[in-house]
Amino acid sequence: ATPASDALTYQVQAGAYGSQAEAETQRAKLAMMGLEPRIQEREVNGRNMFRVRIGPFAQREQAEEVRVKLQNAGVESALVRIQK
């Protein structure tokens, strides 16, 4: 691995919601698929958003596998790179 890739981890975001209840519903659905999602609360433009994310993954390939699994299950998701 190159030093640049060592500075990154990856997460898969499976939704961002304006209410914690909606995020919890999505988290529960993903848990039923055998995944371990977490909810991250962030303020965006003065509003609290609840992001449902899976990870972190050290390798992009691992995160990509999860994203494809979600896509195949009809769940919209995105790969997120996180600077360590």
Legend entry - Subset of the stretch 24-51 that is assigned to a loop (DSSP other than H, G, I, E, B) and under 24 Å from residue 68 (Cβ atoms) - its residue that is least open to solvent (accessible area, probe 1.4 Å): 35
Legend entry - Test result for residue 21, of a type in the set (A, V, I, L, M, F, W, C), at pLDDT 95 or above and exposed (fewer than 12 other Cβ atoms within 10 Å of the Cβ): yes
Legend entry - Options 15, 55; residue that is at positive phi, of a type outside the set (Val, Ile, Thr), touching a residue at least 60 places away in the same chain (Cβ under 8 Å) and surrounded by 12 or more Cβ atoms within 10 Å (Cβ to Cβ): 15
Legend entry - Among residues of the stretch 70-84, those that are out of contact with any Ser or Thr (no Cβ under 9 Å at 6 or more places or on another chain) and touching a residue at least 24 places away in the same chain (Cβ under 8 Å), counted: 7
Inset, instruction - Mind listing just one residue for me: the one in the stretch 60-84 that is of a type in the set (S, T, N, Q) and either under 21 Å from residue 20 (Cα atoms) or modelled with pLDDT of 95 or more (or both) and, of those, surrounded by the fewest Cβ atoms within 10 Å (Cβ to Cβ)? - result: 72
Inset, instruction - Identify all residues within the stretch 52-68 that are touching a Leu at 6+ places or on another chain (Cβ under 6 Å) and in a strand (DSSP E or B); write none if there are none. - result: 54
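The values are calculated or read from the model by the stated rules, or taken from the named source; none is laboratory data. Quantities reported herein were computed from a predicted structural model and do not represent experimental measurements. Glycine gets a Cβ as well: all are built from the backbone with ideal geometry, and neighbour counts include every protein chain shown. Accessible surface areas use protein heavy atoms only, side chains included; no ligands, DNA or RNA. Shrake-Rupley method; radii C 1.70, N 1.55, O 1.52, S 1.80 Å.
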